[in-house]
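A.B. asks: Sharing a structure with you now.
The values are calculated or read from the model by the stated rules, or taken from the named source; none is laboratory data. The structure presented is a predicted model; accordingly, all values stated were derived computationally and were not measured. Cβ coordinates were reconstructed from backbone atoms using ideal geometry, including for glycine residues, and neighbour counts include every protein chain displayed. We work out accessible area using only protein heavy atoms, side chains counted, and drop any ligands, DNA or RNA first. Shrake-Rupley method; radii C 1.70, N 1.55, O 1.52, S 1.80 Å.
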Amino acid sequence: MKQMIKVLKKISVVKVVLTMLSAVLFTGYAYSQKPVDASMKGELVDSISSLYEDWSTVSVSGKLKMEGLPVSPSVKIYMERDSSVLISLRAPFMGEVGRAEIYCDTLLVVNKMKKTFVKEPLSQVLAHYPGTLSDVQNILLARPVIAGLGLLTPEIKENVEIYQEADGQFSLLPVGDVALEEFNYGYLIDGMARPAALLVLPLSKPGTMVSLTYGYYNKGYDLSVIYQSPEKSKGGTLELDLPDWNGSPVQPIKLNEKYTRLSFPDFMKSF
């Protein structure tokens, strides 16, 4: 636990958020408090869900910033609800350099610079998490999801507990059957009923975490992802414009014989 706290404190941008959530998930801090009452929980879940825009297709543009990249490629995300997520990366003077396509049953990631790709069943990628394509879409749109149940709505509010923090924010944790056996996870909700962070802690890997933190601005939002373990730390940030609910689509990529299929580990090593 002490080692985990030291790791979290090194991450200056999300230090307060992650320290708070790690305390909730690892030390039982939240459970030593009383959760908010049913009335307040209902009001907060109603406030969270009231921010959801109904949609069938959406386009989100922005930039990807990651340590080690010589440039910050532009990003375009196009999604068809419950059907697909297409992500295109483009670099100045080079055109499209990378592509990710997620469907209900398949994940495809392409490195166009090296003419390599990986294609795996989505069920294999999500083998340890009962997630779906819709969960991925909601996380990209800064909407909290509950494992096995999907988007947080008033209809499933009894599957979460909410704890009020001293700074006016809230910790939101799954309870009962929706708590995962292999992971602890929870959200921090800001004072405007928006997700501020999602923290996932594998129980079998002490000192390891995956965090997603959100930052909101008038013209968009940031989604920062950090993978932290005792051996390594990796992360990046998507700086995204506000969603365009009538945006132009991204066409699926067409691969030819010049592309080489790799295993997922070999594909990751190629970067």
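A.B. asks: Give the residues of the range 58-86 that are among the β-branched types (V, I, T) and in contact with an Asp or Glu (Cβ under 8 Å, 6 or more places away or on another chain), sorted by residue number. First the steps, then the outcome.
C.D. replies: First pass over the range 58-86, keeping only residues among the β-branched types (V, I, T): 58, 60, 71, 75, 77, 85.
Scanning the range 58-86 gives V58, V60, V85.
A.B. asks: Let me ask something additional. What is the one condition in (1) surrounded by fewer than 19 Cβ atoms within 10 Å (Cβ to Cβ); (2) within 16 Å of the chain's Cα centre (by Cα) that P230 does not satisfy?
C.D. replies: If we test P230 against (1) surrounded by fewer than 19 Cβ atoms within 10 Å (Cβ to Cβ); (2) within 16 Å of the chain's Cα centre (by Cα), just (2) comes out false.
A.B. asks: On to the next question. For the range 69-87, how many residues are open to solvent by 50 Å² or more (accessible area, probe 1.4 Å) and among the hydrophobic types (A, V, I, L, M, F, W, C)?
C.D. replies: 2
A.B. asks: Can you pull out the residues in the range 157-188 that are at pLDDT 90 or above and open to solvent by 20 Å² or more (accessible area, probe 1.4 Å)?
C.D. replies: K157, E158, N159, E161, Q164, Q169, F170
A.B. asks: Here's a follow-up. Of the residues G176, G207, G236, which is out of contact with any Cys (no Cβ under 6 Å at 6 or more places or on another chain), small (G, A, S) and more than 28 Å from G68 (Cβ to Cβ)? Working first, answer last.
C.D. replies: Numbers: G207 fails: more than 28 Å from G68 (Cβ to Cβ); G236 fails: more than 28 Å from G68 (Cβ to Cβ).
Within the list G176, G207, G236, the selection yields G176.
A.B. asks: When you scan the range 88-101, how many residues do you find that are over 18 Å from S248 (Cα atoms) and either crowded, with 16+ Cβ neighbours inside 10 Å or hydrophobic (A, V, I, L, M, F, W, C) (or both)? Walk me through it before giving the result.
C.D. replies: Initial filter on the range 88-101 (over 18 Å from S248 (Cα atoms)): 91-94, 97-98.
Now restrict to residues that are either crowded, with 16+ Cβ neighbours inside 10 Å or hydrophobic (A, V, I, L, M, F, W, C) (or both): 91, 93-94, 97-98.
The total comes to 5.
A.B. asks: Next up: Restricting the search to the range 222-250, which residues are in contact with a Ser or Thr (Cβ under 9 Å, 6 or more places away or on another chain), over 30 Å from T208 (Cβ atoms) and either modelled with pLDDT of 95 or more or hydrophobic (A, V, I, L, M, F, W, C) (or both)?
C.D. replies: D241, P243, D244, W245, V250 - these are the residues of the range 222-250 that are in contact with a Ser or Thr (Cβ under 9 Å, 6 or more places away or on another chain), over 30 Å from T208 (Cβ atoms) and either modelled with pLDDT of 95 or more or hydrophobic (A, V, I, L, M, F, W, C) (or both).
A.B. asks: Among (1) surrounded by 15 or more Cβ atoms within 10 Å (Cβ to Cβ); (2) more than 30 Å from G191 (Cα to Cα); (3) of a type outside the set (F, W, Y), where does L140 come up short?
C.D. replies: The single condition L140 does not satisfy is (2).
Okay, residues lined up against (1) more than 28 Å from F183 (Cβ to Cβ); (2) in contact (Cβ under 8 Å) with a residue 60 or more places away in the chain; (3) hydroxyl-bearing (S, T, Y):
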| residue | (1), (2), (3) |
| --- | --- |
| L203 | no, no, no |
| G207 | no, yes, no |
| L212 | no, yes, no |
| N218 | yes, no, no |
| D222 | no, no, no |
| V225 | no, no, no |
| T237 | no, yes, yes |
| V250 | yes, yes, no |
| L255 | yes, yes, no |
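A.B. asks: For I146, state whether it is under 16 Å from the mean Cα position of the chain (by Cα), of a type in the set (V, I, T), under 30 Å from S171 (Cα atoms) and crowded, with 16+ Cβ neighbours inside 10 Å. Before the answer, list the steps.
C.D. replies: Numbers: under 16 Å from the mean Cα position of the chain (by Cα): yes; of a type in the set (V, I, T): yes; under 30 Å from S171 (Cα atoms): yes; crowded, with 16+ Cβ neighbours inside 10 Å: yes.
So I146 passes the test.
A.B. asks: Now for a separate question. Going by the conditions given, is S171 on the phi < 0 side of the Ramachandran plot, in contact with a Gly (Cβ under 8 Å, 6 or more places away or on another chain) and in contact (Cβ under 8 Å) with a residue 12 or more places away in the chain?
C.D. replies: Values: on the phi < 0 side of the Ramachandran plot: yes; in contact with a Gly (Cβ under 8 Å, 6 or more places away or on another chain): yes; in contact (Cβ under 8 Å) with a residue 12 or more places away in the chain: yes.
Answer is yes for this residue.
A.B. asks: Can you report the number of residues in the range 189-214 which are touching a helix residue (DSSP H, G or I) at 6+ places or on another chain (Cβ under 9 Å), of a type in the set (G, A, S) and surrounded by fewer than 16 Cβ atoms within 10 Å (Cβ to Cβ)?
C.D. replies: 1
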